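Report on one structure; see the data block that follows.
The values are calculated or read from the model by the stated rules, or taken from the named source; none is laboratory data. Just so you know, these numbers come straight off a predicted model, no measurement behind them. In this analysis, Cβ positions are derived from the backbone assuming ideal geometry, glycine residues included, and neighbour counts consider all displayed protein chains. For the accessible areas, the whole protein counts, side chains as well, though only heavy atoms, and no ligand, DNA or RNA atoms are used. Shrake-Rupley method; radii C 1.70, N 1.55, O 1.52, S 1.80 Å.
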Amino acid sequence: MNSKSTIITEKVTDHEIAEGIEDSEDDIGSALEIVIKHVGEIGLYQRLLFVIMMPFGLVWSFAYFGQMFITATPQEHWCRVPELDGLSLELRRSLSVPKISDTEYDQCFMFDANWTQVLETMLAPDPNTPTIPCTNGWEFLFDDIPYSTIVNEREWVCDKASLVPWSQTISFFGSVVGGILCGTLADKYGRLPVLILANVLAFTGGVATVFTHDFWDFAICRFIVGMSCDSCFIMMYILVLEYVGTKYRSIVANTSIAMYFGGGCLLLPWISLWISDWKFISVAMSVPAVFALATPFVVPESTRWLISKGKTDEAVKVLKKFERINKSNIPDDVLENFIAVANKTKEKTESVLMIFKTPSLRVMVTLLIIAFMGVALMFDNVIRLSENLGLDFFVTFTVTSATEIPSIIILVLLLDRVGRRWFVTAPMMIAGVLCLAAAFVPRGLASVALAVSARFFNNMSYGTVIQWTPELLPTPVRASGASFVHISAFAAVMISPFIIYSDRVWEGLSLIIVGVIGIVASCVALLLPETKGRRMPQTLDNWETLASTTCFAKKTGTADKTDCR
């Protein structure tokens, strides 16, 4: 497909439509795509829905990375000695805290000295003077984090420093619970109600964070925010992709993530610096979620889901709305055939357990989870290392996030030519090698350059695997199955804060761990089926047809060996 063809709606002749209807009487996916070709594969309504994705992408980015900016730890902090409060900052530090190197002071211990005597002589205690843990709190130098965060307010440093990664892990655990809940509810009650629910959770948890007083109430609020991630965006993402023609799917899928999630990541550090107070930052990050309350008036429910529940009349109303807004026309015979096929393809309610009851689906989902875990762990860790790579945290985060847009442009241009499988495997392999290289260079410009390059390639894999997941799953379990895959990735990402924390053992350990994980995941992705140019499976039979063209299909003589390259 050339670049020109990606922006021109395909013309479909009546003869081709008739043949398509005849070939697809038992395939609602084919029938629906024929209808979409008539209403417009990327018409006015689809473009409007693409714009409406923006606040949900912002909510996703704020829910995912926002906690970094309210729990950022000023790198320079030391024990407070009340007796020395009247002195200058540098003098207070030099008199009260032992040095651990020529340029670094101890952050967690102070001299056990007679401070009246120290004030009289204005001389630091002898270096051999016994030290004790901080007894009167800490002082913070706000050069690297120029505003108050929950860490300095509640003094989550030294023996309490582990509360920061624990709070992030609890938020990720919320994503696991929320993914299970939202996926199950989406297949039972529809995508739209769950989209609203997820964004209400993001708003509630974000605002409630401001009113917390200790670790556990803060952790509960972040758990609630975590429950929204990433259903707050993915439900809208799935809805929009179902109404876009196949040849526009890659463009819509990837540009939405680049513009809205990536754009949110670019805004986040500068919103934080502009507001400069962690409580107001938390409230500001919650505001876009309010737009979810308007979605019932402008966003349609999934036609595929409505059909799978036997609600054909409601599905037709949705398609008529597309016809009206796009100023197009669905021929009567096409609509009649769609209704006939829809009435014959009512699906019984299926849970995510159906995945495990279907051997080929079970194998595929297991491999997909492993690949997704590796992609997600690298995606998360590389950007969280922004605080530890030796340059300005806000600039490093911005530059790392800015790789989203150019990497996704490349993805949009090449994904439908190269295919999903290779666009996960090759970039992840390169990113893994770059992370390993970054582990062995000094922290500073060189390590940041390698990390930014790794993120650039990892973005391609992340954008691809997000699109790949719903394309692989049949409609009865598409929402619950996609949520299951995503929550499995979040379960893996729960260890991400502690991978970053491992740098306290050895400075490059986190990058080595991430690099190895990325290389392993890239190899696993090679075993997954290719969906380039194929319709999303509507039924289990459709899935079995797709599975029969892959390397791991049963050796029944039907496997297409050319697809196992």
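Quick check: Cα centre of the stretch 23-74 to Cα centre of the stretch 441-501, how many Å? Cα centroid to Cα centroid, the span is 18 Å. On the chain, 64 percent of the accessible area sits on carbon and sulfur atoms, based on a 1.4 Å probe. Once you place label points 7 Å from the Cα toward the Cβ at Phe356 and Leu509, how far apart are they in nm? Between Phe356 and Leu509, the simple spin-label model gives 3.4 nm. Computed on protein heavy atoms with a 1.4 Å probe, the accessible areas place Cys134, Cys265 in the order Cys134, Cys265, largest first.
For the chain, the solvent-accessible area of protein heavy atoms averages 40 Å² per residue (probe radius 1.4 Å; ligands and nucleic acids excluded). The distance between label points at Glu90 and Phe291 comes to 4.8 nm (points 7 Å beyond Cα on the Cα→Cβ vector). Once the C-beta distance of Thr545 and Val298 is scaled by a Förster radius of 41 Å, the resulting FRET efficiency is 0.70 to the nearest 0.05.
Per-residue accessible area (protein heavy atoms, 1.4 Å probe) orders Val299, Val399 as Val399, Val299, starting from the largest. Expressed as a rounded percentage, what relative contact order does the chain have, with Cα pairs under 8 Å and six or more residues apart? Dividing the mean separation by the residue count of the chain yields 19 percent. If you plug the beta carbon distance of Glu76 and Ile405 into 1/(1 + (r/R0)^6) with R0 = 25 Å, you get a FRET efficiency near 0.15. Of the cross-linked pairs Lys37/Lys344; Lys311/Lys532; Lys188/Lys357; Lys321/Lys344; Lys160/Lys279; Lys188/Lys327, which ones have a Cα-Cα span greater than 26 Å in the structure shown? Lys311/Lys532; Lys188/Lys327, as the Cα separations exceed 26 Å there. Candidates Met428, Leu163, Pro296 compared by Cα position along the dipole of the chain: farthest toward the positive end lies Pro296, with charges placed on Cβ.
Modelling each spin label as a point 7 Å along the Cα-to-Cβ direction, I'd like the Leu413/Lys317 distance in nm, to one decimal. Label-label distance for Leu413 and Lys317, simple model: 4.5 nm.
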